[in-house]
Every structure is written in C-alpha cells, then in structure tokens.
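The values are calculated or read from the model by the stated rules, or taken from the named source; none is laboratory data. Note that the structure is predicted; figures quoted are calculated from it, not measured. We place every Cβ from the backbone using ideal geometry, glycine too, and count neighbours over all the protein chains shown.
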C-alpha cells in the first residue's frame, strides 16, 4: 500500500530538507508523471506476483494455476517438437530428392539430338553449376525366378556426379559404368539377394529380348523408393537398350542455389526456347511438398488447441482469484487504485502464468528436439515413410511463432476476468467483509 500512496501523492509533493516555510522547487510535469507511472507499474507487478506465489486460503486455486502452467507448457512443447519434425521431413525429403535428381530437368518431345551442344550452352548461363544428359525408361529386372519393375536410367558418370550426389551415395563398388554394367540400390540388392559381380537380366518395352548386365556398384540414398526402384547404367548402354542411339531423354541441371531453381528455370526456358520442357525439382514434386506444407499447418492448428484449452484454465483461475481477492480489490480501490490498475494486476497475473508455461514448454521442446536429433531413438519403417529415422530440424522462426502465439493467447484469456475485477465497486466489495 505504501507504494501506491507514494505513486499517487509523494510524487506530487517535494520532500526536500527545507523548513516548513521554505519554498520547495516544483519538478517539471513530465518528470513527476513519468516517475509516477513507473512506480505504479512496479506496484501492480509486485501485487500480481504476490498473488501468484503466496499461500492461498483456497488450495484449489493453486492447483488450477499449476495445471494451467503445465497445460501451456505441454502444448508449447508439443507444438515445437511436431513443427521441428515436420520441417525435418520437408528438408530431408528435399535433400534426398535433389540429391538423387537434378535441380532442373530439360526434356523435349522425341528426345534431344544435339545434347552435347545444349549442355555447353546451359553451362555458360549464370548460376548454373553443371549439367548432364540422361536417358530414362521403365524396365523389368529379373534374377532367377524374381521379377520386379524398375526405373532404368542411363547417365554419363563423369558429368552426373557434378549434378547429383550419386558418387556420395555409392556404398560399394565403382561408378565407372559401361554399356554392359549397372549400379543398383541397396534395397533392391537386398530384395533380390544380389551382390557386386552378379548378373541380372533386364527387359524393356521396346525389345522383349532380355539383356544381361553385370552389377558393378551398390548405392544407398537413404530413401526407400529410390534405393528400391532406381537402376543406373551408362548413357550409351541405355541408348542401345531403348534403341534411341544418338538421343538423350533429357538434361539435368544443377544450380548454385536450390531455392532459386524456379527463377533460373524461367531464364533457361527463355534462353533455349519453348520447344523444350523445363521443370524445377519443386515442379516435379509439387504434390508431395504441398501435402507436407498443408500437414504442417494442420498440425499447428490442432496442437494449438492444447494451448487454448490450457488458457481456459487460466480464465477459471483468474475468475476464482477475483472472487478470493474481493476484499483486497475493495481496499485497493478505497485508497485510490484505479480501474486500470486493478485490471493490470490481474492481467499481469495471467501473463505470469502464461509466460511461465511458455518458458517451461519452450525449454522442454528445445531439449527434446536436441535429444531426438542427437540420439535418433525413434526409428521408422523405411518402406512406409521413405526414411529410416525421425528427422528433426528446429526452425527458430517456427519456435518463435509458437512462443508468441502462446503468450498472446494467454493474454487474451485474461481480459474478461481482469475486466470483471476492474468494474467491482469498493462498497460492494467490502460490504460483507
């Protein structure tokens, strides 16, 4: 109470060491007004904090306050971890897709005849790191009595390793391919019980006669679909296999910034003409990444309801606190506290609850994300989720959005109880005390 009286009265009078009859210097209005506001805010925060931590007559209110804090904490933790995992999935899939395929793909109806000249032209453009021709097609691979469909891709090994991460993914063997050798994925090798040096037969739609290839290498991209369904051979080998000698099915292009692939794609399209189809990695996988983005937004909305439910507990806590502190409100108002001060006290009380829960939840989310990323103790079935572990990418922007949203919801939940406390009349508050 001394703080309140000082804020309202002492700042308006001089307390200097002068006699009673001496004139006191009057401070500038802006000086005493600023000091008054500062002290009022301090006393409001002090009372609000005391209401939160002091022992109460009603133990039930303390339990509800604790439940409110932990509810907000659980919601914030869940949101941060889930958004980090969703971002991890997005980044991991992008890395796998871009690592096995090029950033930009150029194709032409009927194939590209002068692909070497076109490769040189594209390599001379700004932001283009490298480019390489390829031939793609469907085929059947057979090992003894086992037959499965694969994507058969012919590449120039020397140029391909400058465009994709195929050399990085090589697990065993060599990348030196010729027209009679192939490079297969680890999952396909496991499925067909193949090792380096074995021979397999491949059949294309253009020629029903099987052709034998020798396995010279095994790669592991970490993505089940690619490791199971992708088989590489030399560019010349694929041209002979599909009877398209002298043609390339397309040209893969690597750029200096994968996020600028869309813009660079348009520049390449303008440069080489509209006889070609030019598509970026995001165009080729638009449905997948759109679904991931939608799922991320949906998960944010669903898990934000946990925070919202916890904030309803804050409302009930403050309403019961207002009922418990009716006499205190009457006394504060009778000695000069304004409606605004009373409202600030209870809003600050709710803010302390929301901020405490948010801080605990953010710390828990950061720690859990670190543990998931470091120890990878959550494993996934590769044939369902494309990858074999739970990826985590803690995005500070996502975490900041969660923290700000939780605090904002907590503040909004304090408005009604604080307004009810502020409109209470001193006489009514003290009538039955």
(request) Go through the residues of region 185-208 one by one and say whether even a single one is in contact with a helix residue (DSSP H, G or I) (Cβ under 9 Å, 6 or more places away or on another chain) and closer than 25 Å to residue 128 by Cβ. (result) no
Only one of 246, 222, 262 is in a loop (DSSP other than H, G, I, E, B) and within 28 Å of the chain's Cα centre (by Cα), namely 222
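Report the residue count in region 265-283 for those that are surrounded by 11 or more Cβ atoms within 10 Å (Cβ to Cβ), more than 22 Å from the chain's Cα centre (by Cα) and part of a helix (DSSP H, G or I).
Residues flagged as surrounded by 11 or more Cβ atoms within 10 Å (Cβ to Cβ), more than 22 Å from the chain's Cα centre (by Cα) and part of a helix (DSSP H, G or I) within region 265-283 amount to 7.
Residue by residue, here is whether (1) outside the structural domain of residue 399 (by TED's automatic domain parsing); (2) buried (at least 22 other Cβ atoms within 10 Å of the Cβ); (3) over 15 Å from residue 73 (Cβ atoms); (4) in contact with a strand residue (DSSP E or B) (Cβ under 9 Å, 6 or more places away or on another chain) holds:
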residue	(1), (2), (3), (4)
323	no, no, yes, no
328	no, no, yes, no
337	no, yes, yes, no
342	no, yes, yes, no
354	no, yes, no, no
357	no, yes, no, no
364	no, no, no, no
375	no, no, yes, no
Filtering strands (runs of 3 or more DSSP E) wholly in region 140-198 for at least 2 residues that are touching a strand residue (DSSP E or B) at 6+ places or on another chain (Cβ under 7 Å) and surrounded by 19 or more Cβ atoms within 10 Å (Cβ to Cβ) gives 146-155, 181-185
Sole miss for residue 130 among (1) surrounded by 16 or more Cβ atoms within 10 Å (Cβ to Cβ); (2) in contact with a helix residue (DSSP H, G or I) (Cβ under 9 Å, 6 or more places away or on another chain); (3) assigned to a loop (DSSP other than H, G, I, E, B) is condition (3)
Residue 135: passes all of (1) closer than 13 Å to residue 250 by Cβ; (2) under 33 Å from the mean Cα position of the chain (by Cα); (3) part of a strand (DSSP E or B) but (2)
